[in-house]
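The values are calculated or read from the model by the stated rules, or taken from the named source; none is laboratory data. Computed from a predicted model, the values in this text were never measured in an experiment. Heads up, the Cβs are rebuilt from the backbone with ideal geometry, glycines too, and the neighbour counts pull from every protein chain shown. Ligands, DNA and RNA are excluded from the accessible area calculation, which covers all protein heavy atoms including side chains. Shrake-Rupley method; radii C 1.70, N 1.55, O 1.52, S 1.80 Å.
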Amino acid sequence: AAQNLNELSDRLNAQVAEIEGAINKLNLGVRASVEAEVVSIDESASRCVFFEYEKVAGKWGFVINQYIDVDPENTYEQWAFKDAPRDLRLKVVERIPLLLDELVTKSISLASDITDKITVAKGLISSFPQSSPAGPKR
């Protein structure tokens, strides 16, 4: 049973790694996050799990973040998808389509912001005196 479980986990990791690799090839440089689970443990404690695409240790990829809020102390853990506990990987894998949608939304928004900044930069450039083709005069 253990061997079968490990082989299936490896197959799941490989499939998700293919999706991650395809996104990485797009070279988006955009962070996105979706909520995977929020559980109230009791009146003073809760656990939140987020599935994200972000840059960690210089590499873009799928990341699972877990926050546990227990008064008065909070804990935070982060894993690359392949290194996360199996139960968390199983919780987030179905969120991949939502995360992809969020990446598209964020990419479109960022492209719009960049377009606006280009307009601002062009306006600034036009406010400077133009130099002659022969070079600046002293």
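Structural remarks
- Candidate lysines - alpha carbon under 23 Å from residue 82, same-chain residues fewer than 8 apart omitted: 25, 55, 59, 91
- Charge dipole (the chain, unit charges on Cβ, about Cα centre) - positive-most of 15, 5, 123: 123
- Using 0.36 nm per residue and subtracting the Cα-Cα separation, the extra length available between residue 106 and residue 76 on full extension is 8.3 nm.
- Radius, Kirkwood style, for segment 61-133 when every pair of distinct Cα atoms is counted (Å): 16.5 Å
- Couplings 3J(HN,Hα) for segment 27-39, derived from phi with the Karplus relation 6.51 cos²θ - 1.76 cosθ + 1.60 (θ = phi - 60°), are 6, 5, x, 10, 8, 9, 8, 10, 6, 9, 6, 10, 10 Hz, where x marks Gly and Pro.
- Taken one residue at a time, the phi angles of segment 99-104 give Karplus couplings (6.51, -1.76, 1.60, θ = phi - 60°) of 5, 5, 4, 5, 4, 4 Hz. Gly and Pro are set to x.
- Cα centroid separation, segment 86-121 to segment 3-40 (Å): 15 Å
- With N counted as the residues of the chain, its alpha-carbon radius of gyration over 2.2 N^0.38 Å works out to 1.57.
- In sequence order, calculated HN-Hα J values of segment 11-16 (Karplus, 6.51, -1.76, 1.60; Hz; x Gly/Pro): 5, 4, 4, 5, 5, 5
- Close amide H pairs (under 5 Å, H built 1.01 Å from N) link residue 31 with no residue at least 5 positions away or on another chain.
- Accessible-area composition of segment 34-138, carbon plus sulfur, in percent [1.4 Å probe]: 57 percent
- Amide H to amide H distances under 5 Å link residue 37 with 49, where only residues 5 or more positions off or on other chains count and H is placed in the peptide plane.
- Per residue, the accessible area of segment 54-138 comes to 75 Å², computed with a 1.4 Å probe over protein heavy atoms only.
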